[in-house]
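Rule-based calculations on the coordinates, nothing more; no lab input. In this text the structure is predicted, and so the values were computed from the model without any measurement. Quick reminder, even Gly has a Cβ in these numbers, built from the backbone with ideal geometry, and neighbours come from all protein chains shown.
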Amino acid sequence: MAEIAQNATQRCVGEEFELLLTLFRCVIEAKDLLSACRATLQIVCDFAGWDLGLAWIPSPGEKELTLLTSWHRGNPELAEFVRVCQGRSFSPDVGMPGRVWSRRKPEWSSNLAAEPSDLFPLAPFAARAGIKAVLGVPVLDGERVLAVLLFYLLELREKDTRLIQVVSEVAAQLGFVLHHKHTEAGLQKNEALLRQAHEELESRLQVRVLQQAIVARIGQRALSGIELSALMEETTVLVAQTLRVGFCKILELLPDGNALLLRSGVGWKEGLVGQATVDAGTKSQAGYTLLSNEPVIIKDLRTEERFSGPPLLREHGVVSGLSVIIGRKDRPFGVLGAHTAKARTFTEDDVHFLEAVANVLSQVIDNRRSLDEIRRSANWLERLIDTGQDAVVSIDRRGCIVLFNAAAERVFGYSAREIAGRKVNDLMDEPYASEHDHYIERYEKTGEARAIGRIRTVTARRKNGELFPIELSVTEIEADDDVHYAAFIRDISEKERLHAQLVENERLVAIGTTAAKIGHELANPLNGMSLTIQLLEQRLRKQSNLLDTQITSTVNRLHTEVSRLSALLEQFRSLSRREKFKFQRTTLTALVGEAIEIEMPRYAELGIQVECSFPSNLPTIIVDIDKMKQVIFNLTKNAAEAMAGGGKISIKGSASENSIVLEISDTGTGIPPGIDIFEPFFTTKPQGTGIGLSVVQQIVSAHGGSISYSSEHGKGTTFVITLPQK
């Protein structure tokens, strides 16, 4: 396939080259502008297969265009169309001839007969003649239009960019030659010098026109977005044809810098392109080119003394050659070379041409490298932003969100699609939300930064309205007109919860330590009192006939109080002890059932209904069964005590992605607002100790869970325990 494409490219270039040469010879031999234009019309029509050509020229005052000459195939309708045109003239920007004249640009119509007559005055006459497609090009001498050439076709044809380029090059060469023919007229006084200049001009113009056209063509192909390898293949073909050499090559310097790879080329034996390498040092012409940092010309490789000829050149019988660097001298891509099997002297024009081609390749390669680096950097940054744990939110100058990474989606609950374009104020709590636009406006005017460049702790708002603490760092992006500010956001809810828990634990430890000391001091006296009361009770029972009712009642009260103090002392000790946990796998259903089973008869007597609800697919949990039963027992006991006249206890279980949730609700009196029910020794009960809920909180925290509650006065309370799935 590569060989077929290469042959097609060679044929195309060869045909266009022959067209330019034929035209050049005819125009050079023409006596005047009329004969030059007529010859051009016929040559182009024959080359492109068009049926009619017209040449219009500006009048002496350059106020209008008139028909100079024409050429057409043997067709009466076309002859009649030419007669109509001979009686017409066009002002600047009137009709296709006038527009091409004033705008100095080619114009194409696929169907002239169908065009509006106000824009194409000749359209009705073209329809009668059967004319369809038309192409107009200017013949320029610098900024001055010498003539306007129009070519007509008796069939529809879509716009052909390549044909426009070829005909434009023909017109450019015609203008170039006509300009020089004016110059020749001034040199006619010296016939010998004129003849010599004519011969040199013809020779050099042939080369220069073609070389410039080839450089332009390579540049256009590069701009078309063609793959680099395909561009290199086309380039070697075009260079070989233009310089008329048997071999052309592009060598790429390998990463180690010791060798060059034959990346592309023509004339070399099959299988060498992409495989063969040459030395990057003084053993090759290419290596010497890199070392010398300038073009290298070989007149005869057989007598060359600056470097030894590499096997690649000698095996192909190379005699003469020219090579130039591709890329910057401090960072070369490689070498572009042209070689012949016969002795040849390469001219300065040849060197300039090869350098121009190398410059085009160098720019293309640098641009591709830069784009690749930009893409890699952009992809890396995008992956970094998307995989980061911190939320990244970027906004424009108006405060609208333009970037919202995956972490931001997790933190705030919005998807990037639904939040894009909305004001960043939607993510803020007051007063930041209402004042944010003023912050931006003030910073844009004064440059006074309050949040930019600092790490601040503020309150943000999730999609569901939940407020939560964040650490916020804002930076300004000066290089981007769309994204002007970027914020790096870290959700510190868990951090603050852990910190609060740590503080609470430290406080409980201090309380527990104090309680342990108090308990130690009270334990012995209480034991002694308990034993004394028991002995007293035994003696009083032996003398029951002598008992005073008041004495018996007093002793009973003493016994009750001592027992209560002993129980309170044991709770103090449990608050201060470092508990040991024995974790086992169980179900929430079984755990709740065992915890409330013993109390169910008492609840029934109190008129309390207990309702449990657990999904059948609820996952198992790993807990200390006895201690979690104590938690459930304490909470249900508190619920029952809050419903003196009866009521309902609801116990529900559920599961989220990473946790198990237990809800215990009652229909009691509720908890007064503004108090901390987990505070040790705080209680709302007349006989309470204020330690039960503190112990509950300790047990839940030891399981890595959390406990919270909501309460409404007169309607009841709901406790929510969240435990991690393990």
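Sorting Trp268, Trp56 from the fewest to the most surrounding beta carbons within 10 angstrom yields Trp268, Trp56. Extension gain for Leu34-Glu270 works out to 79.9 nm (0.36 nm per residue, less the C-alpha to C-alpha distance).
Judged by the ratio a/c of the largest to the smallest principal axis of the C-alpha gyration tensor, the range 243-366 counts as rounded, that ratio being less than 1.5.
Computed over the alpha carbons of the range 583-724, Rg followed by Dmax gives 14.5, 42 Å. Quick check: Cα centre of the range 301-376 to Cα centre of the range 25-43, how many Å? So the two Cα centres are separated by 39 Å. 3J(HN,Hα) along the range 213-221: 5, 5, 4, 4, 5, 4, x, 5, 5 Hz, from the Karplus curve 6.51 cos²θ - 1.76 cosθ + 1.60 with θ = phi - 60°, whole Hz, x for Gly and Pro.
When His713, His352, His484, His339 are arranged by Cβ crowding within 10 Å, least crowded first, meaning fewest neighbours, the order is His713, His352, His484, His339. In this rough spin-label picture, where each label sits 7 Å from Cα along the Cβ direction, the Lys495-Arg244 distance is 7.8 nm. One chain, two ends: Arg25 and Thr532. Fully extended at 0.36 nm per residue, the span grows by 168.6 nm beyond their Cα-Cα distance. Among the trypsin sites (Lys or Arg not before Pro) in the range 10-89, those located in a DSSP loop and surrounded by at most 10 other Cβ atoms within 10 Å of their own Cβ are Lys31, Lys63. Among Lys181, Lys445, the order by Cβ neighbours within 10 angstrom, fewest to most, reads Lys445, Lys181. Spin-label model, His179 to Leu156: label points 7 Å out along the Cα-to-beta-carbon direction sit 4.0 nm apart. Take the alpha carbon gyration tensor of the range 2-186, find the square roots of its eigenvalues, order them as a ≥ b ≥ c, and report rounded if a/c is under 1.5; if not, report prolate when a/b exceeds b/c, else oblate. Taking the square roots of the gyration eigenvalues as a ≥ b ≥ c, the range 2-186 is oblate.
Here the Karplus relation 6.51 cos²θ - 1.76 cosθ + 1.60, evaluated at θ = phi - 60°, turns the backbone of the range 395-404 into coupling constants of 10, 8, 5, 8, x, 8, 6, 10, 9, 8 Hz, with x for every Gly and Pro. For Gln609, the amide hydrogen comes within under 5 Å of the amide hydrogens of Gly647, Lys648, Ile649, counting only partners 5 or more places away or on other chains and with H modelled in the peptide plane.
Simple spin-label estimate for Asp437 and Lys648 gives 4.9 nm between the two label positions (7 Å along the Cα-to-Cβ direction from each Cα). Overall, the anisotropy analysis places the range 215-256 in the oblate class: the square-rooted eigenvalues a ≥ b ≥ c of its C-alpha gyration tensor yield a/c not less than 1.5, with a/b not exceeding b/c.
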